[in-house]
Structure formats: structure tokens, C-alpha cells
Amino acid sequence: MVAVSMQSRVTITPIESIPPTVDVKHIDELSNKARAFLYQVVCEDGQIAVESEVQAELANCDVVKFTEYYRITVVGPHASGHVTA
């Protein structure tokens, strides 16, 4: 599942095992916009535009617990925080 902005990409990948060193956030810890975005990406599975504020928020997440665990990867020049692979 991929979301794109003008110069970056947010990838949301379901994972089964959680490394002990990653930060796991629950969906309820995200802003309303980030929750809505994540729900849309997971349910529609395709390329979806991402707002810069949502992108910045997700750049600070390693894994989000939603219907399952999802690794969040933000790649691009406007990514703030850390980038996970």
C-alpha cells in the first residue's frame, strides 16, 4: 500500500512480527487526519495522495496497530523524523 505526495512516498506494509526496538503506536494515538488516511490506504489499497502534515506525523511512527500491525515507511525529501525500512 503506497501513498504519494509531490516528492515523497508513504508505504504501509502489514507485518506479523514486531522487532523489540520499534515504536508501536495504536491507531487511537494518531490525529484524526492520520487515522482517516491510514484507514483509506488500508481499505482501498492503491496510490492515495497524502497531506504533508499527515506525512510528517507518520514519519515519526515505526509501526501502527490497526486491524493488524503495519510498518510505516516515509521516503522523500520532505520526510521529517526518522525513516524506517
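The values are calculated or read from the model by the stated rules, or taken from the named source; none is laboratory data. As the structure is a prediction and not an experimental result, all values here were calculated from the model. Quick reminder, even Gly has a Cβ in these numbers, built from the backbone with ideal geometry, and neighbours come from all protein chains shown.
Some observations on this one:
- The strands (runs of 3 or more DSSP E) falling completely within segment 21-85 that include 1 or more residues that are modelled with pLDDT of 80 or more and under 11 Å from residue 10 (Cα atoms) map to 69-75.
- Taking the criterion of being without any contact (Cβ under 8 Å) to a residue 24 or more places away in the chain, more than 12 Å from residue 62 (Cβ to Cβ) and either exposed (fewer than 12 other Cβ atoms within 10 Å of the Cβ) or in contact with a Gly (Cβ under 6 Å, 6 or more places away or on another chain) (or both), the residues of segment 9-35 that qualify are 17, 28, 32.
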